[in-house]
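Below: one structure, written as structure tokens.
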Amino acid sequence: MILPQDATEADIAQMRHFMGLDEPFIKQYFHFLFGFKSPSDDSSFSYKGLLALDLGRSYVSNRPVFRTILERFPNTALLSLFALLLSVLLSIPAGIISATHQYSVPDMIVSILSLLGLSMPAFWLGMILIWIFSVQLKIFPSLANPNNLKSLVLPVITLATMNTAVQARMTRSSMLEIIRQDYIRTARAKGLEEKKVIRRHALNNALIPVVTVIGLQVGQLLVGAVLTETVFSYPGIGTIMVDAIQRKDTPQILASVVFVAIVFALVNLVVDIVYAFIDPRIRAQYESIAKIKVNNSLGKSK
Amino acid sequence: MDNNNFISQIASTGKRKTAFEEFWRRYRKNKLAVAGLLIVVLYILMAIFADVFFSYDFITQNQISNAFAEPFTSAEIEYKDNFTNHFYVLGADNFGRDILGRIIHGARISMIIGFSTIAFACVVGSALGAIAGYYGGRVESIIMRSTDILLAIPNILFALAIVAALGPSFQNLLLAIGITSIPAFVRLMRASVLTVKNQEFIEAAKALGARDFRIIARHIMPNCMAPIIVQATLGIAQSILSATSLSFLGLGIQPPSPEWGNMLSDARSYISYAPHTLLFPGLAIMTVILAYNLIGDGLRDALDPKLKR
């Protein structure tokens, strides 16, 4: 790929040596982590390794792979953030209405829509939206780009659909479970109006599992972005990844997969921490662990 | 001797129906779930008898002159040196191939992918989960931490990585989706084994001197099947969706195979001239996934007596 087509066997072997591809896999893995110094004079084959966020240069564009990723990641983050906002704003009220008015017409509508949303492939939905809104009605452009907010409408809807569906179903089932609990009956029995019962007593508890799901969904958003970005040709991390895979641009593939995995893990960590703030039971658990540790260290110092 | 036989004997001598009848009675009440089952049966029949409707050669052979034929039109085609008039029920794609035929053959590919990946993930995942739950200790830590590693990378991303490393082909696609489906089964199986493990009938089996393998296979597993069956149904939906997504990105089944994601990826370039090439394969995917989701929901309600209202 780097060498011309008529390269000889010897050229190929030399190139493999310069790029460190002739080393055993275990050694290459250490290169991947801690960096690789190329035996050739050309310093563009050397890289500092994952721990220094440097996995070398793209075979195609010859730019450092992480630079491309860091440039494009804000675009993906923007898209995911909008999609997350939209899905939370839609799904939680929908789920609550659906649960508090079980078997009513709005409940039916929410249930059917969320089942459809769950079953629709995002890339297909995106293309159908393009056909309706770009080709037929000419309201929104079919290509998205981060500098034009209007062009983001369709991709955000596409990306948010699956999440909205999942969260609405989760909110509904969790709310249904909670409003059958004894303490809700108590709250009603003491004469609280229904709105207050739902808002003060049921909602807080019902939202805990929903937050977990939303957290997991953030990770899924990043991945769903791969498909959505491809459909709308949006310059995000998903299109980098797909392009790199199609062109067999190994450093770029490695870097983008690792990068998304790291972001995914960080997001999950943040969700776990947020969780502790929302749920007093979990907070209490952490506090008691902290207290035990403090006591232990006090005990040792005596 | 066997706890399950014992229970079913009591059940059959008394007025109670057998477990399956009881399950079916509850499942049947959910009209949507029954509809889902019908749709899936329809697709399976389509997949089995695909060659009866359209021959594979016919739907992969180009008929350029009929490209983008509208639905419900007929046009002359050349097939095996014969000129015949062909009626395009759902129109033709960019190479003039019959879309209905491709959807029917695509059903075969999708069903194979769905069933085989989930069968693989279900067997491997349940076995690992059962071992982890039953033995505990270090074995459990190793198995569960490994699944945590798998879970740390989002599903499709992991599949993408596998396909990127091994190259796009049918086997690699199956492998990628199969592996990413394993963790859900491991976790479910382990959780339900933990609840069953300390019950009296397991102790009884141990007291009778049954081996570990027999206890796991005959006494524990059958009592943990409900969540696994539900997960398998939802898993098939997920796996078909992943496969179409990967094919859409050009990383799964390669053209000219009639895969639904593939067809959509071709249709993408012609959204403005030929929306029908886009509409029908997507509808096919959606109805299948919807049907599996409905079945999954129905099974969950029917198998889990706690949710009985």
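The values are calculated or read from the model by the stated rules, or taken from the named source; none is laboratory data. As the structure is a computational prediction, the values presented were derived from the model and not from experiment. Neighbour counts are summed over all protein chains in view; Cβ atoms, including those assigned to glycine, are modelled from backbone coordinates with ideal geometry.
Only one of the numbered conditions (1) outside any helix (DSSP H, G or I); (2) under 14 Å from residue A:144 (Cβ atoms); (3) within 12 Å of chain B (Cβ to nearest Cβ) is violated by residue A:248, and that is (2). When each of A:73, A:66, A:18, A:25 is tested for being over 25 Å from residue B:32 (Cα atoms) and within 14 Å of another protein chain (Cβ to nearest Cβ), the lone residue that passes is A:25. Within the stretch B:132-151, the set of residues being within 14 Å of another protein chain (Cβ to nearest Cβ) and either farther than 17 Å from residue B:185 by Cβ or surrounded by fewer than 14 Cβ atoms within 10 Å (Cβ to Cβ) (or both) comprises B:148, B:149.
With respect to residue B:199, determine if the residue is among the polar types (S, T, N, Q) and in contact (Cβ under 8 Å) with a residue 12 or more places away in the chain. Considered against the rule, which asks whether it is among the polar types (S, T, N, Q) and in contact (Cβ under 8 Å) with a residue 12 or more places away in the chain, residue B:199 comes out as no. So, in the stretch A:191-237, of the ones that are in a helix (DSSP H, G or I) and among the charged types (D, E, K, R), which residue ends up nearest to the other protein chains (Cβ to nearest Cβ)? Of everything passing the filter in the stretch A:191-237, A:229 is nearest to the other protein chains (Cβ to nearest Cβ). A single entry from A:237, A:253 fulfils the requirement of being buried (at least 19 other Cβ atoms within 10 Å of the Cβ) and more than 13 Å from residue B:165 (Cα to Cα): A:237. Of the residues B:92, B:50, B:67, the single one that is under 23 Å from residue B:283 (Cα atoms), crowded, with 16+ Cβ neighbours inside 10 Å and in contact with a Lys or Arg (Cβ under 7 Å, 6 or more places away or on another chain) is B:50. Determine whether residue B:247 is surrounded by fewer than 24 Cβ atoms within 10 Å (Cβ to Cβ), within 26 Å of residue B:100 (Cα to Cα) and of a type outside the set (Val, Ile, Thr). So residue B:247 fails the test.
Tallying residues that are modelled with pLDDT of 80 or more and within 21 Å of residue B:243 (Cα to Cα) within the stretch B:139-155 yields 2. In the stretch A:40-64, the qualifying residues are those that are loosely packed, with under 12 Cβ neighbours inside 10 Å and more than 24 Å from residue A:243 (Cα to Cα), and the one that is modelled with the highest pLDDT is A:51.
For the stretch A:143-150, state whether one or more residues are outside any loop (DSSP other than H, G, I, E, B) and at pLDDT below 90. Yes, the conditions are met somewhere in the stretch A:143-150. Here residue A:87 clears all of (1) modelled with pLDDT of 90 or more; (2) assigned to a loop (DSSP other than H, G, I, E, B); (3) polar (S, T, N, Q) except the condition numbered (2). Residues in the stretch B:40-73 that are among the small types (Gly, Ala, Ser), in a loop (DSSP other than H, G, I, E, B) and farther than 23 Å from residue B:272 by Cβ: B:55 only. Against the criterion of being small (Gly, Ala, Ser) and surrounded by fewer than 13 Cβ atoms within 10 Å (Cβ to Cβ), residue A:290 qualifies.
Take the conditions (1) modelled with pLDDT under 85; (2) within 19 Å of the chain's Cα centre (by Cα); (3) of a type in the set (D, E, K, R); residue B:297 misses just one of them, which is (1). Of B:236, B:253, all but one fail to be among the aliphatic types (A, V, I, L, M), touching a helix residue (DSSP H, G or I) at 6+ places or on another chain (Cβ under 8 Å), more than 10 Å from chain A (Cβ to nearest Cβ) and outside any helix (DSSP H, G or I); the exception is B:253. Residue B:262 falls short on exactly one of the conditions (1) in a helix (DSSP H, G or I); (2) facing chain A (nearest Cβ under 9 Å); (3) touching a helix residue (DSSP H, G or I) at 6+ places or on another chain (Cβ under 8 Å), and that condition is (2).
Screening B:157, B:175, B:188 for residues that are more than 14 Å from chain A (Cβ to nearest Cβ), touching a helix residue (DSSP H, G or I) at 6+ places or on another chain (Cβ under 6 Å) and surrounded by 14 or more Cβ atoms within 10 Å (Cβ to Cβ) leaves exactly one candidate, B:188.
Residue under question is residue B:277, and the condition is that it be surrounded by fewer than 22 Cβ atoms within 10 Å (Cβ to Cβ), over 30 Å from residue B:223 (Cα atoms) and polar (S, T, N, Q); does it hold? No. Starting from residues that are hydrophobic (A, V, I, L, M, F, W, C) and under 26 Å from residue B:301 (Cβ atoms), keep the ones in the stretch A:174-187 and report whichever is surrounded by the most Cβ atoms within 10 Å (Cβ to Cβ). The extreme case among them is A:175.
Check whether at least one residue in the stretch A:188-197 is of a type in the set (Gly, Ala, Ser), over 15 Å from the mean Cα position of the chain (by Cα) and surrounded by fewer than 24 Cβ atoms within 10 Å (Cβ to Cβ), and report yes or no. The answer is yes; a qualifying residue exists. Filtering the stretch A:65-109 to residues that are among the aromatic types (Phe, Trp, Tyr) and surrounded by 17 or more Cβ atoms within 10 Å (Cβ to Cβ) leaves A:66, A:73, A:82.
Suppose we keep only residues that are assigned to a helix (DSSP H, G or I) and basic (Lys, Arg) within the stretch B:74-126. Which one would you say is farthest from residue B:226 (Cα to Cα)? Once the filter is applied, the top-ranked residue is B:102. Residue A:147 is checked against (1) without any contact (Cβ under 8 Å) to a residue 40 or more places away in the chain; (2) buried (at least 17 other Cβ atoms within 10 Å of the Cβ) and fails just one. What number does that condition carry? The number of the failed condition is (2). The requirement of being within 29 Å of residue B:106 (Cα to Cα), buried (at least 24 other Cβ atoms within 10 Å of the Cβ) and either of a type outside the set (A, V, I, L, M, F, W, C) or more than 9 Å from every other protein chain (Cβ to nearest Cβ) (or both) is fulfilled somewhere in the stretch B:212-231, by at least one residue.
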